[in-house]
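J.: I'd like to ask you about the structure that follows.
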Amino acid sequence: MRDRESTHPLVFFFLVLPYGISSGFVSITLPFILTRVGFSVALAASIVAIGVAANLWRFLWGPVADLTLTARRWYLLGLGTSAATLVILALLPLHQNAVPVLMTVVFISQVAGTLIVLPVGGLMAHTVAESAKGRAAGWYQAGNLGGNGIGGGVGVWLASHFSKEIAGGALAIAMLASAAAIYFASDARIVSTDTLGERMRILWRDILSMVRSAIPLFTIVLVCSPIGAGAMNNLWSAVAPDWKAPPDQVALVSGVLNGVLSAIGCVIGGWVADRVGRWWAYFGSGILIAMVAIIMAVAPRTPNVFTVGVLAYALTCGMAYAAFSAIVLLAIGRGAASTKYATLSSLGNLPIVYMTASDGWVHDRFGTAWMLHSEALIAIICIVLGLAVLRWINPPRRSDLVLP
């Protein structure tokens, strides 16, 4: 086996790509197909919601990944199941009587998708050098967002120009092709003792040690905060008329280009986390995304401002997502890394949900400008509080304050 700290950060882009493809197909391509064969928007949304819900529960099967097979075997198992269920979704007849079956397959496909990312989180913790974990986190998020663009954008194009069967088959092949990347990652069994009882004791002890330590506990609180949540990405298309942006421009800017700029931001954010520091990257990207929101709130409402603003928001959002993964890796250490990474990443979905709802509520009552200002203000307040708490629990050493 290779040196445990030998996996190159770029490998994680390809490892996570299948997860993004699967998620993009379910959340973008599938509702596109369903609404065009007579399904209501509400019913299509319900089917998608069933799949998305799997991400909130990934922490439940995180211990299974830590206690049983090696990370590589879990990855291949999750990838194979995810690709197979994507093909099944493409082949299923789409009529109202098939809704229960469709929901079941969608849920299984997204559970399988979480089995792709669970061992990848463990591999990042165990097989990447500390000095490269920020870049690994950046490439991880770039693969997630890039795959989502492929599974969604390419899937829609293939389905509209050819058929849903060709779309599903082509995307499944792309997912399986990415499996080659796993052989460039060092394998690891997170808990290697022989008996299951001993493995469970080690797992439980490792989780308790995390919640009893200041920095990991602080990180758990931070990932539930709205810093860098990027909730406006869910609402740009809804508020685009305020900038008089035409539909084609909205589709291009908030869709394909948004995904590209987000992925680039992820790579930049990962690099900054390694070069400047994970906390600087996390709080700094949070400030940047808040500044973009404020500038958009006060800038003229024109289509060009919409384009520049949305893409700047996407770039800084990608940086924030990479920094998020970087501080999660800092908090979880090693040990039962799949369980801890799954738990914190599940919690990280909460601010996206409640900030999207908050932005919508403020918009309907006070307008677009106050929606953007409120999102920025809430994030800035949390950043100030977070920096104060971090300085209190982890004060800078004297050597850090003196220039060499």
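The values are calculated or read from the model by the stated rules, or taken from the named source; none is laboratory data. Quick caveat: nothing in here was measured; it's all calculated off a predicted structure. Neighbour counts run over all protein chains shown; Cβ positions are idealised from the backbone, glycine included. For the accessible areas, the whole protein counts, side chains as well, though only heavy atoms, and no ligand, DNA or RNA atoms are used. Shrake-Rupley method; radii C 1.70, N 1.55, O 1.52, S 1.80 Å.
J.: What's the number of the condition residue 93 fails, among (1) in a helix (DSSP H, G or I); (2) surrounded by fewer than 23 Cβ atoms within 10 Å (Cβ to Cβ)?
T.: Checking residue 93 against (1) in a helix (DSSP H, G or I); (2) surrounded by fewer than 23 Cβ atoms within 10 Å (Cβ to Cβ), the one that fails is (1).
J.: Only helices (runs of 4 or more DSSP H) wholly contained in region 297-372 count here; list those with 2 or more residues that are at pLDDT 90 or above and touching a Lys or Arg at 6+ places or on another chain (Cβ under 7 Å).
T.: Those helices (runs of 4 or more DSSP H) span 303-332.
J.: For region 240-251, how many residues meet the condition of being under 26 Å from the mean Cα position of the chain (by Cα) and open to solvent by less than 10 Å² (accessible area, probe 1.4 Å)?
T.: Number of matching residues: 1.
J.: For the subset of region 154-163 comprising residues that are open to solvent by less than 40 Å² (accessible area, probe 1.4 Å) and assigned to a helix (DSSP H, G or I), which member is farthest from residue 256 (Cα to Cα)?
T.: 159
J.: Quick one: is residue 9 modelled with pLDDT of 80 or more, part of a loop (DSSP other than H, G, I, E, B), surrounded by 19 or more Cβ atoms within 10 Å (Cβ to Cβ) and out of contact with any Pro (no Cβ under 7 Å at 6 or more places or on another chain)?
T.: Spelling it out, residue 9 is indeed modelled with pLDDT of 80 or more, part of a loop (DSSP other than H, G, I, E, B), surrounded by 19 or more Cβ atoms within 10 Å (Cβ to Cβ) and out of contact with any Pro (no Cβ under 7 Å at 6 or more places or on another chain).
J.: Does region 272-285 hold any residues that are within 25 Å of residue 380 (Cβ to Cβ), crowded, with 18+ Cβ neighbours inside 10 Å and not basic (Lys, Arg), and which are they?
T.: 272, 273, 279, 281, 282, 283, 284, 285
J.: Looking only at residues that are surrounded by fewer than 24 Cβ atoms within 10 Å (Cβ to Cβ) and either in contact (Cβ under 8 Å) with a residue 24 or more places away in the chain or not in a helix (DSSP H, G or I) (or both) in region 16-37, which one is nearest to the chain's Cα centre (by Cα)?
T.: Per the criteria, the residue is 27.
J.: With 179, 170 as the choices, which residue is surrounded by fewer than 23 Cβ atoms within 10 Å (Cβ to Cβ), more than 21 Å from residue 322 (Cα to Cα) and free of Cβ contacts under 8 Å to residues at least 60 places away in the same chain?
T.: Answer to the selection: 170.
J.: Right, something else. Counting only residues that are open to solvent by 30 Å² or more (accessible area, probe 1.4 Å) and hydrophobic (A, V, I, L, M, F, W, C), how many does region 286-316 have?
T.: 11
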